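Worksheet for the structure shown next.
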Amino acid sequence: MKRSSLTVSAFLLLVAVTALVLDRVTPDAWPQVQVIAWALIVAVAFNAIMAYRYFFAGPTVFSVVIVALLVAGTLRKKRLAST
C-alpha cells in the first residue's frame, strides 16, 4: 500500500505542475496545447475512478474536485482563445 500511495502522490504532483504550466499558456497558443489539457482531465478522471475503487472517500472527492476545476479552466481558456 505504501508504494501505491507514493505513486498517487507523484501523479498528483505531476498534475499540479502540468496544470500550472497550462495556465500560463497564452490564448493564442491554446489551440496547440488544448489536447494536453483534455488528456490531463481524462487521466485525473481515471484516477478518481481508481481512488473510488481501491481507496477511501478522501482521494475520490479530491480527484473529482480537481477534474471539475480542470474542466472549468480548460473551457475558460478555450473561450478566451476564441475571442
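Bear in mind these aren't lab numbers, they're just calculated from the coordinates by the rules spelled out. Every value quoted in this text rests on a predicted model; they were computed, and no experiment measured them. Neighbour counts run over all protein chains shown; Cβ positions are idealised from the backbone, glycine included.
Observations on the model:
- Computing FRET efficiency as 1/(1 + (r/R0)^6) for Val33 and Val64, where r is the C-beta to C-beta distance and R0 is 25 Å, gives about 0.55.
- Of the trypsin sites (Lys or Arg not before Pro) in segment 1-73, the ones in a loop by DSSP (not H, G, I, E or B) with at most 13 other beta carbons within 10 Å are Arg24.
- Karplus-derived HN-Hα couplings along segment 28-37 (A = 6.51, B = -1.76, C = 1.60, θ = phi - 60°), whole Hz, x at Gly and Pro: 5, 8, 4, x, 6, 10, 4, 5, 5, 4
- Segment 1-36 versus segment 38-82: alpha-carbon centroid distance in Å: 11
- Förster radius 25 Å - calculated FRET efficiency between Ala16 and Tyr54, Cβ distance, rounded to 0.05: 0.70
- Rg to Rh quotient for the chain, alpha carbon positions, Kirkwood Rh: 1.04
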